[in-house]
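Asks: Next up is a structure, given as structure tokens.
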Amino acid sequence: MNGKKRSWTGVIAVSVAVALSLTACAPGAGSAPAESSGPVSKDVAGAGDVTLTVWDQNTDEGITDAQEKLNAAFSAKYPNVKIDRVTQSFADLKTTLKLALSGDNPPDVVQANQGYPDMGAFVEGGLIRSLNDYDGLYDWSSYYPESLLKINSFSADGKTWQGDNLFGISQTGEVVGIYYNKKILSQLGVEAPTSLDDLEKSMAASKAAGILPMAYGDIEKSPGIHLFGVVQAAIAGSDAVNELVTGAGGAWTDDATVEAAKTIQDWSSKGYITEGANGVSRDDALAQFEAGQAAFYIVGTWKQAAISEAMGDDAGFTTLTPKGADSPVTTGGEGLAWAVTTGSKNPDVAAAYIDFINNAEAAKTFIDENSLPSVIPADYTPKPGLETDVFDTYGSVTSSGGLVPYLDYSTPTFYDTLTSAVQQLTDKQVTPQAFTEILQKDYSGFVGSK
Amino acid sequence: MTVTTRLRSGETRTTGAAPSRTRRRRIASLKAFLYVAPALAFSLIFLIVPTLQTAWYSLYDWNGLSVATWAGVQNYIDIVQDEQLRDSFLHVGVLVVFYSFLPIAIALLLTMVISRAHALRGMSFFRTVLFLPQVIASVVIATTWLSIYSPNGLLNTLLRAIGLDSLTHVWLGDFNTALVSVGFVGTWLNVGLCLVLFLSGVGNVQPELFEAARLDGASGLQEFFGITLPALRGQITVALTLTVVSSLKTFDLVYITTRGGPGNSTSVPAFEAYNRAFNSGQVGSAASVAVVLTIGILLITALIGRLQPKDTE
């Protein structure tokens, strides 16, 4: 009995020793690869045989085809480069990328989500490299508008978003706005809304006519970010929201945000949005809108191809202009940033690759596949109908500074905090004031720790 | 004289043999150790070391990428203080009722009925049907129930068909019904397992016992409490262990049906641990939840083990 006990203590002692030697000191210490700071070059052909491992999340139908075409074209141009493409959904990429990047053999090129939870953490951990040197070679700064470059930039230590180091470039543009059913609106005798007041009037008219004003499904939790983001942007305006999300100032308990929360709860009480939305899937709500059973639907421009296919000319796209502003303000930005990892053995090839799949030529490939490129070629005239609505809106909000970032960029845990709080808000589990206090608690904890 | 020499020689033999025998024993135990070494190394590398590492991480504030900062027991204090984490442990307590207590009660009731009707026709068919949920992949089960619970799903359609429109609900989207709805899937899942266990237990009871009870004019209830229930003590313990552990570990069902929503009304510790470790970059907090969950499961399993009748051991 005694001997048994002793051997067990032995095993535990050995295990503890092994575990401690494995962890050495604080977890994460010394795991970041050293950044190579050698001279950079545009030379790809001279790099010898290279296999470039690329992790992307371009899984939507049109976009994945565009990506395949671009990869094939790059390999055709540089036969010495073999591209090993690893593609997965956004959610899967988000969960696996951290592990892949912190491993010994990270991919060369990855698509990193913007904001503090992902890109900020990668920069802080020294896992992706600053592209300022390659920007000097490829001149991305003059190709992209300032507002888009800012979103992909961080301070060198990853603590301040929109800092002076560029960490990635993006292929596609994104604006979250309000799709509307033209037939229903003309039946109600109202114009496409361009302000929150207009929208509420149209929704009241729609409700009175027995038509569901806005299809909304939030079982996946993420659509809540878009609903709240659009309303908050239309009330608070671009400066206030930008300052909040970047951590530059303001509080979530500010009047405008409380007002936005009140508005949404009000919509829910009046039956303007789908009843029991927390149990309705995003796709079911979209299907409801596409089938002509609802007047409005809030989602991003990435659904343009699908909605246009389902509704043809019946669908329109609009954004809201805040009171006292001249141009619309709404949530949006650009697709995930293409970044080069610190551990990549061929940063020159990796940079040439991301330039190749993001440049003006690549933009045309995306348009061909019914997707909105981050920079619309100057000589391109969009097809009339939904594409014109979407392209024009994107052009005007990016040039007027009306783009406010996705709210979940605010803190590493804000996605969970915000999405579950919106579910509570629409189900009237919390008051608008309490809703904003939940957000502020998460926010002040993070901003205070920086 | 001879006796003493023999004794003496015997003594010398023993004293002389003593070290060699212990050496032999040592070699034998070393050999035995070699036999278990591969298995031990395996569990050391893949179970014990990661477990200890998790416990180590739980003492840090770490996003999984950068250098961690020492947090002491703060992550554990948060489990009590952070409403979201505390609630997740409360939710799992509710799930235990649905995953374990209810199925066992229902299965006992069914056992009572079925064991009375010995030669029930098509018994093996019913047993298969009731056990089927255990065989189907949990992802399939969760997806199926997601559809059953949807606003225009089977459940609501059924309620409308029989004129109970007022009872229709968005089951998984309503703060009041989501957790119960998830729990009910567990009940459905585990009844079959418990029933198959209990039926096999009843099969082991001498038929003469039932016969004697019936000859003495015992009612069905008396028969159940007098014979069946005591005979099933071992099976009930096993069922309790299996179902309670499965309820505490619940992840897949919540991950697929609600992702912890609406709000946090269906979040459970296993889901919180996953979400914090892989999505929101709170590895330390995730590790502390995992540690508390593991200790909780071990404790509860040990307690249930005490119910096990000693004679069957």
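The values are calculated or read from the model by the stated rules, or taken from the named source; none is laboratory data. Given the structure is predicted, the values throughout are model-derived calculations rather than measurements. Here Cβ is always computed from backbone atoms with ideal geometry, including for glycine, and neighbour counts include all displayed protein chains.
Asks: Please tell me if A:THR417 is under 18 Å from the mean Cα position of the chain (by Cα) and over 30 Å from A:ASP313 (Cβ atoms).
Replies: yes
Asks: For segment A:155-175, what are the residues that are at pLDDT 95 or above and aromatic (Phe, Trp, Tyr)?
Replies: Within segment A:155-175, A:PHE167 is the sole residue that qualifies.
Asks: For segment A:407-429, does any single residue satisfy the condition of being away from chain B (no Cβ under 14 Å), in contact with a helix residue (DSSP H, G or I) (Cβ under 9 Å, 6 or more places away or on another chain) and crowded, with 24+ Cβ neighbours inside 10 Å?
Replies: Pass one, segment A:407-429, residues away from chain B (no Cβ under 14 Å): A:407.
With in contact with a helix residue (DSSP H, G or I) (Cβ under 9 Å, 6 or more places away or on another chain) added as a condition, the list becomes A:407.
Now drop any that are not crowded, with 24+ Cβ neighbours inside 10 Å, which leaves A:407.
Yes - at least one qualifying residue is present in segment A:407-429.
Asks: Of all the helices (runs of 4 or more DSSP H) wholly in segment A:51-129, which have at least 1 residues that are within 14 Å of chain B (Cβ to nearest Cβ), exposed (fewer than 15 other Cβ atoms within 10 Å of the Cβ) and modelled with pLDDT under 95?
Replies: Here the list reads A:90-102.
Asks: Considering each of A:ALA204, A:ALA233 in turn, give the residue that is under 20 Å from A:GLN114 (Cβ atoms), modelled with pLDDT of 95 or more and aliphatic (A, V, I, L, M).
Replies: After ruling out the rest, the residue left standing is A:ALA233.
Asks: Next question, about the same structure. I want to confirm something. Restricting to segment A:151-190 and keeping residues that are assigned to a strand (DSSP E or B) and under 23 Å from A:PRO412 (Cβ atoms), which single residue is nearest to the chain's Cα centre (by Cα)?
Replies: The qualifying residue nearest to the chain's Cα centre (by Cα) is A:GLU174.
Asks: Could I ask something else about it? Tally up the residues in segment B:79-97 that are within 21 Å of B:LEU242 (Cβ to Cβ), more than 13 Å from the chain's Cα centre (by Cα) and hydrophobic (A, V, I, L, M, F, W, C), please.
Replies: 2
Asks: Starting from residues that are free of Cβ contacts under 8 Å to residues at least 60 places away in the same chain and assigned to a loop (DSSP other than H, G, I, E, B), keep the ones in segment B:242-259 and report whichever is nearest to the other protein chains (Cβ to nearest Cβ).
Replies: Filtering first and then ranking leaves B:ARG259.
Quick grid of which residues meet (1) buried (at least 22 other Cβ atoms within 10 Å of the Cβ); (2) within 28 Å of A:GLU309 (Cβ to Cβ):
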{"site": "A:PRO145", "(1), (2)": "no, no"}
{"site": "A:GLN162", "(1), (2)": "no, no"}
{"site": "A:GLU191", "(1), (2)": "no, yes"}
{"site": "A:ALA215", "(1), (2)": "yes, yes"}
{"site": "A:ASP239", "(1), (2)": "no, no"}
{"site": "A:GLU243", "(1), (2)": "no, no"}
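Asks: So, one more: Mind listing whichever residues of segment A:267-296 are more than 16 Å from A:LEU188 (Cβ to Cβ) and either touching a Phe, Trp or Tyr at 6+ places or on another chain (Cβ under 6 Å) or without any contact (Cβ under 8 Å) to a residue 40 or more places away in the chain (or both)?
Replies: A:ILE273, A:THR274, A:GLU275, A:GLY276, A:ALA277, A:ALA285, A:ALA287, A:GLU290, A:ALA291
Asks: Looking at the structure I just gave you, is A:ASP392 surrounded by 23 or more Cβ atoms within 10 Å (Cβ to Cβ) and not hydrophobic (A, V, I, L, M, F, W, C)?
Replies: Working: surrounded by 23 or more Cβ atoms within 10 Å (Cβ to Cβ): no; not hydrophobic (A, V, I, L, M, F, W, C): yes.
Answer is no for this residue.
Asks: Being buried (at least 24 other Cβ atoms within 10 Å of the Cβ) and either outside any helix (DSSP H, G or I) or basic (Lys, Arg) (or both) narrows it down to one of A:ALA325, A:ALA295, so name that one.
Replies: Only one candidate qualifies: A:ALA295.
Asks: Please determine whether any residue of segment B:148-163 is in contact (Cβ under 8 Å) with a residue 24 or more places away in the chain, surrounded by 12 or more Cβ atoms within 10 Å (Cβ to Cβ) and out of contact with any Cys (no Cβ under 8 Å at 6 or more places or on another chain).
Replies: yes
Asks: Does A:LYS262 meet the test of being over 20 Å from the mean Cα position of the chain (by Cα) and among the basic types (Lys, Arg)?
Replies: Yes: the conditions hold for A:LYS262.
Asks: Report the residue count in segment A:274-290 for those that are in contact with a Gly (Cβ under 8 Å, 6 or more places away or on another chain) and more than 11 Å from every other protein chain (Cβ to nearest Cβ).
Replies: Total satisfying the criteria: 3.
Asks: In segment A:47-100, what residues are small (Gly, Ala, Ser) and touching a Pro at 6+ places or on another chain (Cβ under 8 Å)? Walk me through it before giving the result.
Replies: If we filter segment A:47-100 for residues that are small (Gly, Ala, Ser), which is where we start, we get A:47-48, A:62, A:66, A:72-73, A:75-76, A:89, A:91, A:100.
Answer for segment A:47-100, where residues must be small (Gly, Ala, Ser) and touching a Pro at 6+ places or on another chain (Cβ under 8 Å): just A:ALA100.
Asks: Where in segment A:208-292 are the helices (runs of 4 or more DSSP H), entirely inside, with at least 2 residues that are assigned by TED's automatic domain parsing to the domain that holds A:TYR179 and among the acidic types (Asp, Glu)?
Replies: It comes to A:238-246, A:255-270, A:282-290.
Asks: Considering only residues that are of a type in the set (S, T, N, Q), under 17 Å from A:PRO412 (Cβ atoms) and in a loop (DSSP other than H, G, I, E, B), which ones fall in segment B:267-297?
Replies: Residues satisfying the conditions are B:ASN279, B:SER280, B:GLN282.
Asks: Identify all residues within segment B:164-178 that are surrounded by fewer than 22 Cβ atoms within 10 Å (Cβ to Cβ), closer than 29 Å to A:ALA421 by Cα and either under 27 Å from the mean Cα position of the chain (by Cα) or of a type in the set (A, V, I, L, M) (or both); write none if there are none.
Replies: Result: B:LEU167, B:PHE175, B:ASN176, B:THR177.
Asks: Here is a follow-up. Where in segment B:114-210 are there helices (runs of 4 or more DSSP H), lying wholly inside it, with at least 3 residues that are over 20 Å from B:PHE98 (Cα atoms) and at pLDDT below 85?
Replies: Here the list reads B:123-135.
Asks: Restricted to segment A:221-266, and to residues that are acidic (Asp, Glu) and touching a residue at least 12 places away in the same chain (Cβ under 8 Å), which residue is farthest from A:LEU196 (Cα to Cα)?
Replies: Filtering first and then ranking leaves A:ASP254.
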